[in-house]
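Note sheet for the following structure.
The values are calculated or read from the model by the stated rules, or taken from the named source; none is laboratory data. Everything quoted here is computed from the prediction, not taken from an experiment. Glycine also receives a Cβ, built like all others from the backbone with ideal geometry; neighbour counts cover every protein chain displayed. Side chains are part of the model used for accessible areas, which takes the heavy atoms of the whole protein and leaves out ligands, DNA and RNA. Shrake-Rupley method; radii C 1.70, N 1.55, O 1.52, S 1.80 Å.
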Amino acid sequence: SEEIDAVRDILIAKETGARVHIAHVSTKGAIEAVRRAKNEGISVTCEVAPHHFTLTDAAVEGYDTNTKMAPPLRSEEHLEAILAALKDGTIDAIATDHAPHHSDEKALEYDRAPFGITGLETALGLAFTELVQKGVVDLVRLVELCSSNPAKIFKLEGRGTLKVGSVADITILDPNLEWTYTNADSRSKSRNNPFDGRRFHGGAVAAVVGGKIVFRRSLKQAA
């Protein structure tokens, strides 16, 4: 269904001259459709969520509802296609796909629980650990995927750049930071994240919004 929708939207963009952005691509077929469209000069961009270049459907084996998301986790073949597309530029951006749910909602049978996980706190750590550390992309490309490209795609003036006069929305990254994410210590009111206990290399140490520091990592968080 994902591939059918992607091809349909791309064909409409081709016929009308419109721009189309495909959110949360997760299959090899959808990626191939985007790659072909770009080669044909069709105005199409796409994004991927960190869990789709990190986890496969093997994570669902224990029926942890924190692995239930939309699109669902795919097989290794699709994950490898995503990594290749991140490397060759077919994928334009990384989106957190942050979808918080109350613990009571997730504490249900797998088929009854809602789709979605919290992704904001682990997105950068996953991207740095799985992509930069493993040589899939370099740091410059990661900044493009997480910041400058999204600003260009959605025409967000003054964002995604450090030029004088730009909006002072900045995330400060420490590439040498080693830290562990736990749902118990999450700053979110929701705890539906499948990466509980995951160790990361590289992450955010501070965030500035509108010129004001709104987040600063404590030494305890970096332990």
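Within 26 Å of ASN193 (Cβ to Cβ) and within 18 Å of the chain's Cα centre (by Cα) - does that describe any residue in segment 30-42? If you could, list the steps in order and put the result at the bottom.
So in segment 30-42, the residues within 26 Å of ASN193 (Cβ to Cβ) come out as 30-31.
From what is left, the residues that are within 18 Å of the chain's Cα centre (by Cα) are 30-31.
There is at least one residue in segment 30-42 that is within 26 Å of ASN193 (Cβ to Cβ) and within 18 Å of the chain's Cα centre (by Cα).
Please specify each residue of segment 35-64 satisfying the condition of being open to solvent by less than 10 Å² (accessible area, probe 1.4 Å) and part of a loop (DSSP other than H, G, I, E, B).
Within segment 35-64, ALA49 is the sole residue that qualifies.
GLU178 versus (1) over 21 Å from THR90 (Cα atoms); (2) open to solvent by 50 Å² or more (accessible area, probe 1.4 Å); (3) not in a strand (DSSP E or B): which is the lone unmet condition?
(3)
Which of the residues spanning segment 96-141 are assigned to a loop (DSSP other than H, G, I, E, B), over 18 Å from PHE200 (Cβ atoms) and among the basic types (Lys, Arg)?
Once the filter is applied, which keeps residues that are assigned to a loop (DSSP other than H, G, I, E, B), over 18 Å from PHE200 (Cβ atoms) and among the basic types (Lys, Arg), segment 96-141 yields only ARG112.
Within segment 130-169, track down each residue that is under 17 Å from GLY211 (Cα atoms) and charged (D, E, K, R).
Once the filter is applied, which keeps residues that are under 17 Å from GLY211 (Cα atoms) and charged (D, E, K, R), segment 130-169 yields GLU157, ARG159, LYS163, ASP169.
Open to solvent by 20 Å² or more (accessible area, probe 1.4 Å), assigned to a helix (DSSP H, G or I), touching a strand residue (DSSP E or B) at 6+ places or on another chain (Cβ under 9 Å) and under 28 Å from LEU139 (Cβ atoms), is that true of LYS87? Give the derivation first.
Values: open to solvent by 20 Å² or more (accessible area, probe 1.4 Å): yes; assigned to a helix (DSSP H, G or I): yes; touching a strand residue (DSSP E or B) at 6+ places or on another chain (Cβ under 9 Å): no; under 28 Å from LEU139 (Cβ atoms): yes.
Here the answer is no, as LYS87 does not meet what is asked.
Go through segment 3-34 residue by residue and tally those that are surrounded by fewer than 19 Cβ atoms within 10 Å (Cβ to Cβ), of a type outside the set (S, T, N, Q) and in a helix (DSSP H, G or I). Before the answer, list the steps.
We begin by selecting, within segment 3-34, every residue surrounded by fewer than 19 Cβ atoms within 10 Å (Cβ to Cβ); these are 3-5, 7-9, 11-19, 21, 23-24, 29, 32.
With of a type outside the set (S, T, N, Q) added as a condition, the list becomes 3-5, 7-9, 11-15, 17-19, 21, 23-24, 29, 32.
Next cut, in a helix (DSSP H, G or I) only: 3-5, 7-9, 11-15, 29, 32.
Counting residues in segment 3-34 that are surrounded by fewer than 19 Cβ atoms within 10 Å (Cβ to Cβ), of a type outside the set (S, T, N, Q) and in a helix (DSSP H, G or I) gives 13.
Answer yes or no: is there a residue in segment 65-80 that is farther than 25 Å from GLY203 by Cβ, modelled with pLDDT of 95 or more, of a type in the set (Val, Ile, Thr) and part of a loop (DSSP other than H, G, I, E, B).
Within segment 65-80, none of the residues are farther than 25 Å from GLY203 by Cβ, modelled with pLDDT of 95 or more, of a type in the set (Val, Ile, Thr) and part of a loop (DSSP other than H, G, I, E, B).
Looking at segment 171-197 only, could you name the residues that are of a type in the set (Val, Ile, Thr) and touching a helix residue (DSSP H, G or I) at 6+ places or on another chain (Cβ under 9 Å)? Walk me through how you get there before you give the answer.
Here is the first cut: in segment 171-197, the residues of a type in the set (Val, Ile, Thr) are 171-172, 180, 182.
Residue satisfying the conditions is THR171 alone.
Name the residue that is most open to solvent (accessible area, probe 1.4 Å), counting only residues in segment 117-133 that are in contact with a helix residue (DSSP H, G or I) (Cβ under 9 Å, 6 or more places away or on another chain) and not aliphatic (A, V, I, L, M).
Residues of segment 117-133 in contact with a helix residue (DSSP H, G or I) (Cβ under 9 Å, 6 or more places away or on another chain): 117-119, 122-128, 130-132.
Filter once more, keeping what is not aliphatic (A, V, I, L, M): 118-119, 122, 125, 128, 130.
Numbers: THR118: 4, GLY119: 6, THR122: 3, GLY125: 1, PHE128: 9, GLU130: 25 Å².
Checked segment 117-133; the qualifying residue most open to solvent (accessible area, probe 1.4 Å) is GLU130.
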